[in-house]
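Working notes for the structure below.
The values are calculated or read from the model by the stated rules, or taken from the named source; none is laboratory data. Just so it is clear, the structure is predicted and the values come from calculations on it, not from any experiment. Cβ coordinates were reconstructed from backbone atoms using ideal geometry, including for glycine residues, and neighbour counts include every protein chain displayed. We work out accessible area using only protein heavy atoms, side chains counted, and drop any ligands, DNA or RNA first. Shrake-Rupley method; radii C 1.70, N 1.55, O 1.52, S 1.80 Å.
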Amino acid sequence: MGVPRPLHKDIHKAEMNGGFNQRWKDELLELEEVKPKHLWTKEDVLGIRDKLTAEFGLSWLRPK
Amino acid sequence: MSKIWALHVPTQAGFAEASSFYESAMAGDKLPCGHPVDSPPRYQLLEWEPGGEPLGDFVAAGAWIVGQQQFLSRMSKLVHGYELGEVRYIEPLRKKGMRSPGGRRGPPRFELPYEGPPLAFISPTCTIGLLPESTVDVESTCPVCGSITYRAFRGIEKLSSRGRTPRTPNMGLFVRGQDVLGSTIFRPRFTGLTLCTDEARQAIESLKPTNLVFRDVGDAV
């Protein structure tokens with residue numbers, strides 16, 4: 001299921017539950033410390049997405 | 001035994017921030033097995049985030065430590081083990097509906113050319129291996145060149161927008177004290193961490209930098 005566009009915009013707004021985008025930055029920074037960017041895989045990034053959608057109570061959207 | 005620290009530039013700290021981007025030219029030359037030579041990136045490619053003021057001594061821009069050249073040069077009189085890496089900026093190509101090289105839509109956030117104080121990133125020249133007692137999860141090891149791909153570092157202090165997670169006692173990263181003598185910055189092999197000795201931390205703090213903190217990540221033993 002795709003995320004409805006208005007909801008998608010709301011999720012990425014800065015004020016969303018203390019910052020969905022900010023949490024992405026946190027996670028990407030941690031990933032970059034552990035693994036150089038040229039070794040990042042699709043699974044690394046999708047793993048962060050799944051972690052954060054769960055953290056923000058958005059798993060029901062089942063983004064793909 | 002003495003502590004080793006990760007240099008960390010906080011986000012949302014009231015200072016100018018940037019996003020870092022990746023392009024293949026940043027990676028080192030490739031080995032015959034396909035793995036790039038383990039080295040810091042050749043340069044950092046930044047795009048400014050909204051709100052460019054004030055500029056701290058350090059600029060949050062991903063894992064590599066970006067700061068004002070002037071401060072980093074001053075720091076090099078007290079701390080060794082690094083050189084100044086080049087910082088480049090993404091051109092403001094983004095007009096309405098046009099994608100930037102970073103792939104995002106929206107208005108330009110910062111007019112280029114950047115005319116503020118010159119920036120550089122800390123490119124560690126001292127690279128050392130982690131001791132086996134380090135609490136790390138390994139994803140893979142290349143049978144040809146020995147490159148290690150890590151999955152996670154467990155037990156190190158973490159700072160995020162959700163707060164601080166302190167280091168777990170007896171966990172984290174461990175290096176040989178003989179490998180990191182004196183006031184030095186170093187990078188554990190195959191990682192994007194910029195670490196320093198306790199002596200280096202004290203020397204850097206004596207310069208009273210703005211927008212830089214230290215995370216407790218392990219010990220030199």
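Values for this structure:
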| read-out | value |
| --- | --- |
| Amide hydrogen neighbours beyond the local backbone of B:GLU17, cut-off 5 Å, H modeled | B:GLU49 |
| Under-5 Å amide H pairs with B:THR127, H placed in peptide plane, nonlocal only | B:ARG187 |
| Accessible area that becomes buried as B packs against A, both chains, 1.4 Å probe, Å², nearest 100 | 2000 Å² |
| Pairwise FRET efficiency - B:THR125 versus A:ASP10, Cβ, R0 = 30 Å, nearest 0.05 | 0.05 |
| Shielding of B:186-195 by partner chains, average beta-carbon count, 10 Å | 2 |
| Heavy atoms of A:HIS8 accessible to a 1.4 Å probe, total area in Å² rounded to 10 | 90 Å² |
| Vicinal HN-Hα couplings computed from phi for the stretch B:177-187 (Karplus, 6.51 cos²θ - 1.76 cosθ + 1.60; Hz; Gly/Pro x) | x, 5, 7, 10, 7, x, 8, 9, 9, 8, 10 |
| Built amide H within the under 5 Å cut-off of B:GLU86, gap 5+ | B:GLN44, B:PHE121 |
| Order of exposure, largest accessible area first, which applies to B:ASP137, B:ASP29, B:ASP219 with probe 1.4 Å | B:ASP29, B:ASP137, B:ASP219 |
| Probe 1.4 Å - accessible area at B:ILE122, Å² to nearest ten | 0 Å² |
| With every protein chain in place, the protein assembly as shown: carbon and sulfur % of accessible area (1.4 Å) | 54 percent |
| Distance in nm between pseudo-label sites at B:THR165 and B:THR141 (7 Å out along the Cβ direction from Cα) | 2.5 nm |
| Candidates B:PRO209, B:PRO50, B:PRO32: whichever shows maximal mean-square fluctuation once chain B is modelled as a Gaussian network with Cα springs under 10 Å | B:PRO32 |
| Efficiency of FRET from Cβ geometry, B:TYR89 and B:LYS30, R₀ 35 Å, rounded to 0.05 | 0.85 |
| DSSP-assigned coil residues among trypsin sites (Lys or Arg not before Pro) in the stretch B:116-221, each with at most 16 further Cβ atoms within 10 Å | B:ARG154, B:ARG162, B:ARG176, B:ARG189 |
| Per residue accessible area in Å² of chain B, where ligands, DNA and RNA are left out and the probe is 1.4 Å | 48 Å² |
